[in-house]
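Here is the structure we will look at.
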Amino acid sequence: MPDPIFAHPLLARVYDSFDGDRDDLAAYVATAAELTARHVLDVGCGTGSLAVLLAGSGRTVVGVDPAEESLRVARSKDRAGSVRWIHGDAAALPALDVDLAMMTGNVAQVFLTDDGWDRAPQGIHTALRPHGHLVFETRRPERHAWEEWAVDVDPVTLDIAGIGLVERRQEVTDVSLPFVSFRYTYRFLADGVVVTSDSTVRFRGRGEVESSLVANGYGVLDVREAPDRPGCEFVFVAERST
């Protein structure tokens, strides 16, 4: 089940405002061009920021996400109806014959068990054409991102059109590596409504990820830096090999 930050009707509506302008997505559009991908799958597409960008560049795009409320926001951005939106998860994808599958926003870290993670690249494997590519990011465990999260506790308040002032607070609630849990608390100041969202992510090392990709029918072509976050994340470029 998706976390409330993606699935709650109020939180899905304010997600983009707190997520910022997503400068990081330009690198993924450039990667799609580098790999000459014309048919792209956005796994864990959320509110559709990347999918809409890719469609705007002339590509055929499919976005899949388990959070219907996030997809509702995504569909509202896709005014031309150019993206195919699928309510579902990576483990149960149909054969889409896409050239490229992408996972941004550290979606790879939401799969907490080994079995859950293995089913994601297996499902994506089904959706890819032979020798299609999988590109995704995941935070480097050695970077200890949770330590920065733990000190970044000042509330952020935004005035969001149609909603009003919304305050968000973040706190790290548990560090039991490789798992880190955190909580977002949103206060809607116009009416005093408070909504919380608890999440847990798993940190996997480079070798662990590479081994799992090979075991699930991929060859690892490259492991890159995120251009806007050097030293913070691995960006894996893999090819369907079976």
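Please treat every number below as a calculation from the coordinates, not as lab data. Nothing here was measured: the structure is a model prediction, and the numbers come from that model. Virtual Cβ from ideal backbone geometry, glycine too; neighbours counted across all protein chains shown.
Counting DSSP beta bridges in the chain, what percent are antiparallel, to the nearest 5?
If I count the DSSP bridges inside the chain, around 70 percent turn out antiparallel.
What list of ³J(HN,Hα) couplings, whole Hz, do you get for the stretch 222-230 from phi and the Karplus terms 6.51, -1.76, 1.60, once you set θ to phi - 60° and write x for glycine and proline?
Each residue's phi maps through the Karplus curve to give 6, 10, 10, 7, 6, x, 8, 9, x Hz.
List the residues, sorted by chain then number, that are 5 or more residues from residue 218 or on another chain and whose placed amide H is less than 5 Å from its amide H.
241
At a Förster distance of 35 Å, what's the computed FRET efficiency of residue 33 paired with residue 212, Cβ-Cβ distance as r, to 0.05?
For R0 = 35 Å, the calculated efficiency reads 0.80.
Please find the FRET efficiency linking residue 68 to residue 92, where r is the Cβ-Cβ separation and R0 is fixed at 22 Å, and quote it to the nearest 0.05.
0.90
Which residues' amide hydrogens lie under 5 Å from the amide hydrogen of residue 232, considering only partners 5 or more residues apart or on another chain, with H built in the peptide plane?
226
Quick one: angle between helix 114-127 and the longest Cα principal axis of the chain, in degrees between 0 and 90, rounded to 10, please.
Tilt of helix 114-127: around 60 degrees.
In whole Hz, what ³J(HN,Hα) sequence does the stretch 82-88 give by Karplus (6.51, -1.76, 1.60; θ = phi - 60°), x for Gly and Pro?
Ordered by residue, 3J(HN,Hα) equals 8, 9, 8, 9, 10, 8, x Hz.
Could you state the angle between the C-alpha long axis of helix 68-77 and the longest principal axis of the C-alpha atoms of the chain, as a value from 0 to 90 degrees rounded to the nearest 10?
80 degrees
Please work out the Cα center distance from the stretch 32-46 to the stretch 196-234, rounded to the nearest Å.
17 Å
Helix-only estimate, please: 222 nm mean residue ellipticity of the chain, summing -39500 (n - 2.57) across DSSP H runs of length 4 or more and dividing by its residues, to the nearest 500.
My calculation for the chain gives -8500 deg cm²/dmol from helical runs alone.
Under unit Cβ charges (Lys, Arg +1; Asp, Glu -1), what dipole magnitude, rounded to 20 debye, does the stretch 110-194 have relative to its Cα centre?
300 debye
Can you list the trypsin sites (Lys or Arg not before Pro) in the stretch 79-179 that are in a DSSP coil and have 16 or fewer other beta carbons within 10 angstrom?
Sites meeting the loop and neighbour criteria: 79.
With both partners inside the stretch 68-174, how many of the DSSP beta bridges are antiparallel, as a percent to the nearest 5?
50 percent
Can you give me the long-range amide H partners of residue 61? Hydrogens built in the peptide plane at 1.01 Å from N, cutoff under 5 Å, separation of 5 or more residues or another chain.
40, 84
Once you charge only the Cβ atoms, +1 for Lys and Arg and -1 for Asp and Glu, what is the size of the charge dipole of the stretch 1-152 about its Cα centre, to the nearest 20 debye?
Taking the Cα centre of the stretch 1-152 as origin, the dipole is about 660 debye.
Choose one of 218, 170, 130: the residue whose Cα lies farthest towards the positive end of the charge dipole of the chain (beta-carbon charges +1 Lys, Arg; -1 Asp, Glu; about the Cα centre).
130
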